[in-house]
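Novice: Below is the structure I would like to discuss, written out as structure tokens.
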Amino acid sequence: MKAMIIKELRLIGKDRRSFIFLLLMPIIFIVMFGSVFNQTDGSAITLRTIDQDQSAASKALIGQMQNIMDVKQLPVDNLNEQLDKIKQGQFSSMLVIPSGFEKSMKEGQAANIKLYQDPASQTETAPIQAILGSISSQYREQKLTTMLMANGESKSQAEAALASPIHIENVSASADHFNMIDQVVPGMTVMFVFFIMITMARRFFEEKKTGLLSRIRTTRIKPLQYLIGMWFPFVLTVIAQCMILFAFGHLVYGLRLGDIAALSAVVLCLSIAGTGIGLGLSFLVPGEGAAMVITQIISMGGAMLGGLWVPSYLLPQAVQTVGHFLPQFWAQHSLQDIIAHGAHLSDIWGSALILLTFGLAGLTIALIRLPGFLRSAAN
């Protein structure tokens, strides 16, 4: 059995197709998704502004907005060009401070400003409207305070009169570290782990076609020894695959690996799950072509339903329910708990046990189907 394991490891190492599916493709996907999401700061609000008034009052207003969000000031003579860009969907909103803004404020009149916005991008413009509404309320309170003080009220009395009867207390609830790299690297790793099933099915059918499997039946090697000897190298291959991909994420994108012992346990259970299902599949399908199709369905479908592409809580409730019956969900869930939430072995043992159950189910199917597979090789 030892010679069989060494032989399989050498064959896997020489298999260029396996290298592409197990290492090159997931690295490409990690780079693609990681480069996009790692440069996107979803918390930043950007507002393009054209100041046609160029007064102290308009500059003070822009200064207030800059304390809250990112304000990009555009040339005064660029209004029509920027409006065309909004119509073309290049950005969602633009604030224009018209001429006479300061004059209207000094005369006690309403100083109008114009917020141009794309009606199809209300989700993006709603925070900007809320911020501008808050700033407008501050200006109104300052005006009322000035009027009350002009009527003989003290500053404290004016502030008390304008104080809201409702007080909102901000309570800080600490959140765990999480970014899209914590989603992308584990997600792509788990998805491409299941592509090992293509390599496994191809190896079994190659041994069947070349007659090697028939010759093995004439030796003293027992079916269980043959199964373990073929299966164990693929377990090691998946472990090595996960180690390389997580190391790549850590070195290139600064992925936090968390508790190494817990991470290792999940990787081991994931490798058993993926290769166990691969064994069962190899003895169930009629040929290599069918194995490739089914592997694509399991890998891509499991990635979509198991929350490997996007966080599972963003998926419809029905999809989330289905995801709980897939090994991809439990692998991703436990890996993110370790990486993003600081989980340890005691926290992820349940998910690891579920992954082992999937692997053992596949191994059981393989043991049941192995005698028939060996007989078909002899024929």
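The values are calculated or read from the model by the stated rules, or taken from the named source; none is laboratory data. Not measured: the values here are computed from a predicted model. As a convention, Cβ positions derive from the backbone with ideal geometry for all residues, glycine included, and neighbour counts pool all protein chains shown. Protein only, heavy atoms only, side chains kept; ligands, DNA and RNA dropped before computing areas. Shrake-Rupley method; radii C 1.70, N 1.55, O 1.52, S 1.80 Å.
Novice: If you check 90, 117, 82, which single one turns out to be farther than 20 Å from residue 138 by Cα, exposed (fewer than 13 other Cβ atoms within 10 Å of the Cβ), under 41 Å from the mean Cα position of the chain (by Cα) and without any contact (Cβ under 8 Å) to a residue 40 or more places away in the chain?
Specialist: Only one candidate passes the filter, namely 90.
Novice: For residues that are out of contact with any helix residue (DSSP H, G or I) (no Cβ under 8 Å at 6 or more places or on another chain) and part of a helix (DSSP H, G or I), tally how many sit in the stretch 338-348.
Specialist: Number satisfying all stated conditions: 2.
Novice: Now for a different question. Just to be sure I understand the filter: pairs with C-beta atoms under 7 Å, separated by 6 or more residues or on different chains, first member in the stretch 346-360 and exposed (fewer than 15 other Cβ atoms within 10 Å of the Cβ), second member part of a helix (DSSP H, G or I). Which pairs pass?
Specialist: 360/276
Novice: Here's something else I'd like to know. Is it the case that the stretch 219-242 has a residue that's on the phi < 0 side of the Ramachandran plot, modelled with pLDDT of 90 or more and small (Gly, Ala, Ser)?
Specialist: Among the residues of the stretch 219-242, at least one is on the phi < 0 side of the Ramachandran plot, modelled with pLDDT of 90 or more and small (Gly, Ala, Ser), which makes the answer yes.
Novice: Could you identify the single residue in 257, 281, 263, 270 that is more than 21 Å from the chain's Cα centre (by Cα) and open to solvent by less than 50 Å² (accessible area, probe 1.4 Å)?
Specialist: Being more than 21 Å from the chain's Cα centre (by Cα) and open to solvent by less than 50 Å² (accessible area, probe 1.4 Å) holds for just one of 257, 281, 263, 270, which is 281.
Novice: Then there is this: Residue under question is residue 3, and the condition is that it be at pLDDT 85 or above and surrounded by fewer than 16 Cβ atoms within 10 Å (Cβ to Cβ); does it hold?
Specialist: Against the criterion (at pLDDT 85 or above and surrounded by fewer than 16 Cβ atoms within 10 Å (Cβ to Cβ)), residue 3 does not qualify.
Novice: Within the stretch 120-150, which residues are free of Cβ contacts under 8 Å to residues at least 60 places away in the same chain and among the β-branched types (Val, Ile, Thr)?
Specialist: Listed by number, the residues that qualify are 123, 125, 145, 146.
Novice: Determine the pairs where a residue that is more than 14 Å from residue 375 (Cα to Cα), located within the stretch 217-231, has a partner that is modelled with pLDDT under 70 with Cβ atoms under 6 Å apart, the partner being 6 or more residues away or on another chain.
Specialist: 225/1; 229/1; 229/4; 229/5
Novice: Next question, about the same structure. Looking at the stretch 108-140, which of its residues are hydroxyl-bearing (Ser, Thr, Tyr) and in a strand (DSSP E or B)?
Specialist: 116
Novice: Among the numbered conditions (1) closer than 29 Å to residue 347 by Cβ; (2) open to solvent by less than 40 Å² (accessible area, probe 1.4 Å), tell me where residue 252 comes up short.
Specialist: Only one criterion in (1) closer than 29 Å to residue 347 by Cβ; (2) open to solvent by less than 40 Å² (accessible area, probe 1.4 Å) is unmet by residue 252, namely (2).
Novice: Taking residue 68 as meeting all but one of (1) part of a loop (DSSP other than H, G, I, E, B); (2) open to solvent by less than 50 Å² (accessible area, probe 1.4 Å), write down the number of the exception.
Specialist: (2)
Novice: Just give me the residues in the stretch 310-337 being surrounded by fewer than 18 Cβ atoms within 10 Å (Cβ to Cβ) and either in contact (Cβ under 8 Å) with a residue 24 or more places away in the chain or not in a helix (DSSP H, G or I) (or both), in sequence order.
Specialist: 310, 311, 316, 324, 325
Novice: Quick one: is residue 365 open to solvent by 60 Å² or more (accessible area, probe 1.4 Å), at pLDDT 90 or above and either among the aromatic types (Phe, Trp, Tyr) or part of a helix (DSSP H, G or I) (or both)?
Specialist: The answer is yes for residue 365.
Novice: Further question: Are any residues in the stretch 163-214 at pLDDT below 65 and under 30 Å from residue 245 (Cβ atoms), and if so, which ones?
Specialist: If the condition is that a residue be at pLDDT below 65 and under 30 Å from residue 245 (Cβ atoms), then 174, 175, 176, 177, 178 are the ones that fit.
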